[in-house]
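What follows is a set of notes on a single structure, which appears directly below.
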Amino acid sequence: MKFAEIDPFDPDKNPLAPGGLRVAYLDGATAIGLGLSYSALIAEQQYLTTDELEADLAVEMSAYQALFRSQASYFRVVTNDFIQMCADASNFAALNKAFTDTAHQEIVGAAADPANREAVVDLFDALADQAGVISTDLVAFDTHLRFLKNNLARNSASLDAALAAAIVQIGKEAATAQAEIDRLTKAIDEDVAGIVKGANEAGDAVNDLFVGIITQFAKAAGDTPKLPKTDDKPKTDDKPKADDKPKTDDKPKADSPKADDKPKTDDKPKTDATAPKPAAAAATPKKDEVPSGEFAVKSIKASSAGVAKYSTAARKLELDNVALAAAYQHLAAISPLVAVAKSCQAQKNLFNGALAQTAAALAELKTQWDQRRQNLTAASLTASGLNDKGEAKALGRLAEGGTTLWTGVDNEINAIKRALTGSGGLPGA
């Protein structure tokens with residue numbers, strides 16, 4: 001390694017620069033933001049009780065909902081792991097700055113003075129060791145994430161199988177409605193990701209998104225096909241544990257905000273069973289309340305502030321939610337119970353996708369921190385034999401360039417920390 005041949009502002013080649021960590025942390029923040037959005041969606045979805053549907057299906061669906069809520073609540077552990085990774089990066093940036101501020105004279109004089117040269121090598125080694133510690137700390141992050149992903153996959157397999165069998169039993173029209181729901185769910189995922197990414201890049205908390213009702217329908221209607229029974233039952237003995245237990249007695253929230261309304265967090269559930277029911281063909285509910293006997297499908301919505309700040313993604317999210325509501329009404333007209341199950345599955349799939357993105361971001365973070373350690377170790381070896389004044393001056397420029405690059409990354413990481421610790425997830429509707 002020749003220090004004089006390296007551009008001080010090349011983030012990958014300068015051993016004292018952050019490499020690809022800026023992009024890796026932004027991608028991680030986007031994945032975490034999606035996970036928080038979809039875990040809130042699962043937590044806020046209307047909860048079924050055994051007196052609302054036929055006993056066998058109600059018990060099975062209630063078990064699935066309880067499991068998914070438990071797993072969604074565990075995502076806060078993963079989020080805390082990522083926040084700690086952000087704090088570790090900020091500490092590393094401070095250590096890197098200390099390298100420049102306190103060791104400038106040693107760096108410049110390293111070629112002529114063996115003591116200075118040894119001090120520079122020690123500083124390189126300290127930075128390399130710290131990068132290794134951060135990479136090792138990612139193991140806890142990975143352990144928690146794998147635990148969550150494995151539990152979700154194991155407990156959702158039987159729901160997926162039962163729903164697929166029910167769709168086949170009902171016929172082609174139900175399959176068409178399901179395909180449309182899947183397509184629109186994917187589109188909404190992309191819309192939400194665009195808003196979350198934009199918020200992270202701007203250093204904002206993801207508080208322009210909220211959970212709201214997009215449509216509702218009667219939970220039972222005439223001869224509704226039942227979901228086929230499967231050998232695999234939801235496993236209720238392996239729920240992830242978190243500080244807060246998922247609640248199993250949630251009631252549907254009262255107010256379903258319109259597309260341009262801001263999220264409301266203080267509404268109380270209505271208990272008036274005589275409230276009028278909206279027309280079955282309506283794509284969106286005409287009233288804010290959810291009458292007894294109705295099931296309200298919820299989705300992620302953007303507030304009016306979000307529409308203004310992230311106009312393209314937010315307006316597309318609004319349109320996709322309207323289309324999704326129509327697709328659920330189509331499926332509910334064929335089988336309300338299957339529509340309820342499909343809603344549960346779609347929300348679970350969104351959450352699972354966020355976990356996959358989080359895993360990819362975690363892998364990239366580890367790759368980047370391992371690369372930082374390798375680069376610093378190589379630089380330490382070069383510095384140990386430093387005897388050329390030109391090379392010593394070049395190393396001084398690398399240290400200054402690295403500090404400048406790390407300062408920019410640290411500012412963005414601090415903004416991510418503020419956003420994640422200040423948002424507290426999504427308000428309900």
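The values are calculated or read from the model by the stated rules, or taken from the named source; none is laboratory data. Since the model is a prediction, treat every value here as computed from it, not as a measurement. Cβ placement follows ideal geometry from the backbone for every residue including glycine, while neighbour counts extend to all protein chains displayed. Accessible surface areas use protein heavy atoms only, side chains included; no ligands, DNA or RNA. Shrake-Rupley method; radii C 1.70, N 1.55, O 1.52, S 1.80 Å.
Anisotropy class assigned to segment 136-194 is oblate, per the alpha carbon gyration tensor with a/c at or over the 1.5 cut-off and a/b no larger than b/c. Express the carbon and sulfur contribution to the solvent-accessible surface of segment 51-182 as a percent, rounded to the nearest whole number, probe 1.4 angstrom. Summing carbon and sulfur atoms, their accessible area is 55 percent of the total for segment 51-182. Between Ala157 and Asp129, take the C-beta separation as r, use R0 = 51 Å, and let me know the FRET efficiency to the nearest 0.05. Approximately 0.75, to the nearest 0.05. When Lys and Arg each count +1 and Asp and Glu each count -1, what net charge do the other residues less than 14 Å away from Leu405, Cβ to Cβ, add up to? Cβ neighbours under 14 Å give a net charge of -1.
Taking the centroid of alpha carbons for each part, segment 99-118 and segment 353-394 are 21 Å apart. Separation of the alpha carbons by more than 27 angstrom is noted, of Lys97/Lys149; Lys298/Lys366; Lys197/Lys219; Lys149/Lys316; Lys316/Lys366; Lys301/Lys348, for Lys97/Lys149; Lys298/Lys366; Lys197/Lys219; Lys149/Lys316; Lys316/Lys366. Accessible area per residue for segment 63-134 is 36 Å², calculated with a 1.4 Å probe on protein heavy atoms, without ligands, DNA or RNA. Does segment 309-429 classify as rounded, prolate or oblate by the C-alpha gyration tensor (a ≥ b ≥ c root eigenvalues; a/c under 1.5 gives rounded; else a/b over b/c gives prolate, otherwise oblate)? The shape class here is prolate.
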